[in-house]
Amino acid sequence: MNAAAKILHPLSPLLRDPVPSLAPNRYWDADWYARELREIWARNWNYIGRAAGFAAGTMHRRDVAGVNVVIVRSKSGELTAFHNVCPHRGSELCLTDVQPLRGNRILCPYHAWSFKADGTLASTGAASRAEGFDADALGLRQVALREWNGMVFVCPSEQSPSFGADNFFEVHELSNWPMNDLVEAYRETNIVEANWKVIWENFNECLHCPGVHPSLCSLIPVYKKGHLAPHDAGDWDPETAQPEPTLRPGARSWTLTGEPVAPDFPGLSDAERDAGQTYAVVLPTLFVVAHVDFVSIVSIRPLGPERTEVSGEVLVAPETLANPDFDVNQIVLFNTQVQNEDAAACEMNQRGLRSSPFEHGVLMPEEYQVREFHQWVQRQLIDGAAGGARNNREPLVAV
Ligand code: FES
Ligand SMILES: [Fe+2]
């Protein structure tokens with residue numbers, strides 16, 4: 001035990017001992033990446049977009065953890081997901097990012113079998129049906145889909161986990177934000193040349209904040225100390241210290257000026273207003289940062305061992321978007337800068353890991369959440385290898 005650990009409050013989250021980080025090859029080895037895609041990403045909920053982005057009477061092709069999925073919004077509004085493959089002889093069904101349904105049917109482009117929006121076989125095109133042909137057994141294979149706070153998630157595994165199960169963060173419900181009513185004011189997608197775990201590790205510590213994020217540190221003073229929260233201080237005492245980080249005096253939101261761009265969402269608690277930021281994390285796919293006037297969604301999609309798609313969405317109230325005085329750049333210029341700073345940090349981390357002469361690095365006391373993330377990854381891999389017997393898995397059910 002080191003000297004500093006002797007004075008820590010018993011409830012301090014800081015690590016008491018140096019802990020090894022992951023071996024560098026886990027950030028670039030193709031076989032390891034394939035294993036993580038199969039046993040972590042394909043067995044968890046993947047964010048695929050906001051519910052409002054799936055118009056009635058359309059189908060959408062998505063690669064979800066290497067699985068070809070079609071998401072269908074029927075004309076009457078039901079949202080379902082299937083493996084994007086025809087049970088006749090295996091053609092892809094939806095050929096592009098988005099296509100209209102044909103008369104509320106999913107039409108296979110090869111031999112014109114058609115399926116109802118619930119996946120049941122409706123017709124076999126020009127083919128006659130032999131005696132004993134079992135149409136009921138030839139529906140589309142469903143993929144688990146669920147909506148949460150206006151966001152859509154799918155899990156391609158036969159057994160999907162309870163939503164937020166085994167997240168090492170409790171998933172904040174954001175119940176005081178009008179999540180279902182918000183509209184998109186801005187969206188940006190970038191490719192970060194780094195392994196997906198590098199991005200989550202970076203999210204889970206603030207030791208990099210003083211050097212990497214000058215504007216964010218000026219908005220959130222505790223970040224300037226390299227702390228995620230006041231309890232990262234070595235002399236933290238829960239009797240006297242505030243629990244959560246707060247914005248600098250006078251600032252109320254993550255904007256260029258610290259001023260909100262819109263009236264506060266009605267219904268927020270005093271604590272939520274005072275904090276200025278509320279995080280909701282759904283591993284491994286996204287985190288939400290909810291503010292008094294807007295909500296930011298950052299989603300992550302692995303594209304390869306050393307390549308990750310990172311998308312940012314800014315959501316506001318419809319009346320805010322309609323207000324001619326609303327200037328989304330007040331939000332975007334601040335948040336994009338922070339995200340670009342993180343992306344550059346992740347890419348330099350990746351380049352170093354790729355050429356690393358060591359077997360693994362070391363986690364410092366303040367990197368307790370990185371440790372929790374590594375443990376989460378490890379649990380997922382053990383659970384995946386065991387066939388998903390643990391981890392509160394639920395059988396695939398119709399939605
Ligand atoms: S493969 Fe789809 S109808 Fe033949
Ligand atoms: Fe950062």
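The values are calculated or read from the model by the stated rules, or taken from the named source; none is laboratory data. Everything numeric here is computed off the predicted structure, so don't read it as measured data. All Cβ positions, glycine included, derive from the backbone under ideal geometry; neighbour counts span all protein chains shown.
Candidates 211, 234: the one that is within 25 Å of residue 364 (Cα to Cα) and free of Cβ contacts under 8 Å to residues at least 12 places away in the same chain is 211. Checked against (1) closer than 30 Å to residue 231 by Cα; (2) in a helix (DSSP H, G or I); (3) more than 16 Å from ligand 2 (Cβ to nearest atom), residue 360 passes all but a single condition, namely (2).
Taking the criterion of being over 19 Å from the mean Cα position of the chain (by Cα) and among the aliphatic types (A, V, I, L, M), the residues of segment 116-167 that qualify are 117, 121, 122, 126, 127, 130, 135, 137, 138, 140.
In segment 343-357, the qualifying residues are those that are part of a helix (DSSP H, G or I) and in contact with a helix residue (DSSP H, G or I) (Cβ under 7 Å, 6 or more places away or on another chain), and the one that is surrounded by the most Cβ atoms within 10 Å (Cβ to Cβ) is 346.
Just to be sure, is residue 207 within 16 Å of ligand 2 (Cβ to nearest atom) and not in a helix (DSSP H, G or I)? In short, yes. Counting only strands (runs of 3 or more DSSP E) that fall entirely inside segment 247-342 and contain at least 3 residues that are touching a strand residue (DSSP E or B) at 6+ places or on another chain (Cβ under 6 Å) and at pLDDT 95 or above, the qualifying elements are 286-290, 295-304, 307-316.
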